[in-house]
Amino acid sequence: MSDYVEIASEGQIAHVCSKSEDGRQIHFELKAGGGGHATSSNEERLVPEVGDTLLLWPDRGHMEIAPASLWPAKTVAPAQDSIAVVRLKLHDLTVIDQGGTWKKITTTQTPEYAVGNTVLISRDDQVIRVLSDQPLRLVEVGTSNEVDVGRFKVKSADIADDFDDFGGMDHVVARAKKLIELPLTRSAQLKKIGARPIKGILFSGPPGTGKTMLARIIARHAKATFYTVSGPEILTKWYGESEAVLRAIFDDAAAQEQAIIFFDEIDSVAPQRSDRAHEVSQKLVAQLLALMDGFEPSKRIVVVAATNRPDAVDSALRRPGRFDWEVEFKLPDATARRLVLENSGRKISKVASLPYDTVVSGTDGWSPVELTAIWSEAALLAADDERDLILPSDFVEGFSRVREQRQQKAPQHV
Ligand SMILES: Nc1ncnc2c1ncn2[C@@H]1O[C@H](COP(=O)(O)OP(=O)(O)OP(=O)(O)O)[C@@H](O)[C@H]1O
Ligand SMILES: [Mg+2]
């Protein structure tokens with residue numbers, strides 16, 4: 001039996017706002033205005049949970065759970081932050097697309113965002129942060145059973161790159177391969193030795209250092225079923241569905257002989273708790289953690305996550321049994337830069353001798369993706385000249401063009 005305070009004597013409709021940790025007290029709002037609390041008069045927890053709608057008869061010390069429809073919908077399902085694509089940005093007005101519904105919001109200066117960006121929108125219609133510079137498709141799914149897991153599976157035939165295309169960083173490649181292959185093929189031995197199980201591996205390093213590329217190459221060679229999930233893509237406007245997607249992927253993976261689940265740009269899903277996006281991602285992170293904790297190492301599933309902001313990854317994800325193994329991708333030194341150039345140019349038609357040394361010595365601090373751009377620029381120059389062969393002059397000119405673009409992009413030091 002419970003006793004009630006501050007309530008009139010007839011029946012009332014109420015909505016539970018909070019519940020004490022021991023479950024013996026609830027606080028509620030009354031539809032008629034005002035509120036009150038109920039305390040269990042014995043040691044037992046009260047039945048109603050936060051969000052429930054109640055019918056109360058205070059004078060009889062009685063309450064019942066009532067249909068949610070008795071309470072106005074806006075309080076039953078509080079608004080949440082949401083994901084949207086920016087369609088138009090004027091100096092005072094921005095138009096966003098929230099999963100097909102377009103809406104006008106006030107333009108703000110910080111954070112900076114542009115047309116085509118996918119952004120996180122607060123419940124009061126402010127841009128919180130940019131999740132991706134691309135407009136992302138929303139993963140529209142229903143319940144876990146209906147999730148089309150196939151769209152996250154990558155076929156090895158679809159992966160064009162191979163180890164020969166990946167330049168330098170032999171120790172990174174070797175470590176990544178080992179960390180991924182061991183739990184898939186030697187989980188029994190690892191367990192016998194008493195080694196820390198390898199469930200999750202974090203690929204960290206600056207943009208364009210080959211994290212995604214290497215994961216795909218390893219997938220191509222692994223006998224494992226490979227799933228790739230892009231962090232920003234899985235953050236949909238229906239958070240429950242994103243969790244369902246995660247569950248469906250892990251369920252599917254558990255049914256495979258061997259599986260690799262790759263989360264690209266994990267920081268967008270699992271930012272530090274101080275981040276305002278926490279509200280959105282918290283349930284997803286919780287789901288991911290539960291799934292990672294839930295599978296046995298003998299399941300032969302390995303989860304790889306990539307980030308260029310390792311500090312931005314929720315620390316709960318770095319605990320033992322989760323993403324506690326790390327492969328660090330660094331900017332290439334001179335030897336590695338040469339190998340990146342040579343390997344990424346493997347399939348390109350060019351004269352036998354190119355001035356690699358000049359380019360290698362002029363590209364200190366460049367990332368592999370910037371180095372490979374030299375080939376694209378050189379190829380454009382050759383094609384412009386109606387040649388199908390890259391000459392040393394194209395190579396050198398390609399290098400200076402990328403250097404210029406790079407300087408324009410670099411932050412201006414004042
Ligand atoms: N070691 C490498 N050798 C040859 N090419 C490379 C190498 N690393 C990166 N590249 C080139 O750079 C491109 C981008 O690399 P990738 O997308 O793997 O970088 P990333 O580390 O995942 O970057 P981000 O953090 O921005 O996601 C690749 O498609 C490839 O062309
Ligand atoms: Mg990447």
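The values are calculated or read from the model by the stated rules, or taken from the named source; none is laboratory data. Predicted model, so just to flag it, every value in this text is computed and none were measured. Backbone-built Cβ (ideal geometry, glycine too); neighbour counts: all protein chains shown. Note: areas computed on protein heavy atoms with side chains; ligands, DNA, RNA excluded. Shrake-Rupley method; radii C 1.70, N 1.55, O 1.52, S 1.80 Å.
Miscellaneous remarks
- Residues that are more than 18 Å from F395 (Cα to Cα), open to solvent by 40 Å² or more (accessible area, probe 1.4 Å) and away from ligand 2 (no atom under 16 Å from the Cβ) do not occur anywhere in the stretch 338-350.
- Among the residues of this structure, T212 does not count as one that is of a type in the set (S, T, N, Q) and either surrounded by 19 or more Cβ atoms within 10 Å (Cβ to Cβ) or more than 30 Å from V119 (Cβ to Cβ) (or both).
- Failed criterion for Y113 (all others in (1) modelled with pLDDT under 90; (2) part of a loop (DSSP other than H, G, I, E, B); (3) on the phi < 0 side of the Ramachandran plot; (4) surrounded by 12 or more Cβ atoms within 10 Å (Cβ to Cβ) hold): (1)
- L214 vs. criteria closer than 27 Å to L331 by Cα, at pLDDT 90 or above and more than 10 Å from ligand 1 (Cβ to nearest atom): no
- Apart from one condition, R196 fits all of (1) assigned to a helix (DSSP H, G or I); (2) open to solvent by 40 Å² or more (accessible area, probe 1.4 Å); the exception is (1).
- Figure legend. Inter-residue proximity from the stretch 196-219: first residues assigned by TED's automatic domain parsing to the domain that holds A312 and of a type in the set (A, V, I, L, M), second residues open to solvent by 10 Å² or more (accessible area, probe 1.4 Å) and within 8 Å of ligand 2 (Cβ to nearest atom), beta-carbon distance below 9 Å, spacing 6+ or different chains. Indicated pairs: A215/D264.
- Being of a type outside the set (G, A, S), more than 34 Å from the chain's Cα centre (by Cα), surrounded by 13 or more Cβ atoms within 10 Å (Cβ to Cβ) and assigned to a helix (DSSP H, G or I) holds for only one residue in L354, L371, L380, and it is L380.
- Test: G365 is surrounded by fewer than 13 Cβ atoms within 10 Å (Cβ to Cβ) and in a loop (DSSP other than H, G, I, E, B): yes
- Considering only residues in the stretch 303-337 that are surrounded by fewer than 17 Cβ atoms within 10 Å (Cβ to Cβ) and small (G, A, S), the one that is modelled with the lowest pLDDT turns out to be A312.
- Answer residue from the stretch 215-228, given it is open to solvent by 10 Å² or more (accessible area, probe 1.4 Å) and either within 9 Å of ligand 2 (Cβ to nearest atom) or basic (K, R) (or both) and is farthest from E265 (Cα to Cα) among those: K223
- Of the residues in the stretch 172-188, at least one is open to solvent by 20 Å² or more (accessible area, probe 1.4 Å), of a type outside the set (A, V, I, L, M, F, W, C), closer than 21 Å to G208 by Cα and part of a helix (DSSP H, G or I).
- Summed over the stretch 185-209, the residues that are within 16 Å of ligand 2 (Cβ to nearest atom) and farther than 17 Å from A224 by Cα give a count of 8.
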